[in-house]
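Below is one structure, written out as structure tokens; the observations come after it.
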Amino acid sequence: MQLECLFFGPFREDVGEEAVDWETDAETVGDLLADLETEYPVLEGRLVDGDDLAGETVVTKNKKDVRHIDGLETELEDGDVYRLVPSVYGG
């Protein structure tokens, strides 16, 4: 499936890109974030903390906070747009 991941604030600086088109077999947001941490080791530990999102991170699926869907168990769908934003970053 094809997804788009948008990075904001320090995440954008660390990854070196504003957006990436991501082809994945991942099924959940947790799987996606694990894949991103593998691809971009600088993000490791900053996206996921145990069984939840890391405290500093807001992840949205099509502009809706995944914490208000199913958290890390939120299912991915082809064409989704995910935004990764440090919670201390304004916009």
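Coordinate-derived values only; no laboratory data. All of these numbers come straight from a predicted model, not from anything done at the bench. Please note: Cβ atoms are built from the backbone with ideal geometry, for glycine as well, and neighbour counts cover all protein chains shown.
Looking at Glu27, is it more than 11 Å from the chain's Cα centre (by Cα), of a type in the set (Asp, Glu) and either surrounded by 17 or more Cβ atoms within 10 Å (Cβ to Cβ) or farther than 22 Å from Glu77 by Cβ (or both)? Here the answer is no, as Glu27 does not meet what is asked. Taken over the range 1-53, the criterion of being part of a helix (DSSP H, G or I), over 17 Å from Asp80 (Cβ atoms) and not aliphatic (A, V, I, L, M) is satisfied by Pro10, Phe11, Arg12, Glu13, Asp14, Glu37, Thr38, Glu39, Pro41. Tell me which residues, restricted to the range 54-91, are of a type in the set (Asp, Glu), touching a strand residue (DSSP E or B) at 6+ places or on another chain (Cβ under 7 Å) and either in a strand (DSSP E or B) or within 15 Å of Leu32 (Cβ to Cβ) (or both). Asp65, Glu73, Glu75, Asp78, Asp80 - these are the residues of the range 54-91 that are of a type in the set (Asp, Glu), touching a strand residue (DSSP E or B) at 6+ places or on another chain (Cβ under 7 Å) and either in a strand (DSSP E or B) or within 15 Å of Leu32 (Cβ to Cβ) (or both). Going by the conditions given, is Thr38 out of contact with any helix residue (DSSP H, G or I) (no Cβ under 9 Å at 6 or more places or on another chain) and of a type in the set (Val, Ile, Thr)? Taking the combined requirement at face value, the residue satisfies it. Scanning the range 43-91 for residues that are within 21 Å of Glu23 (Cα to Cα), of a type outside the set (A, V, I, L, M) and buried (at least 17 other Cβ atoms within 10 Å of the Cβ) yields a count of 6.
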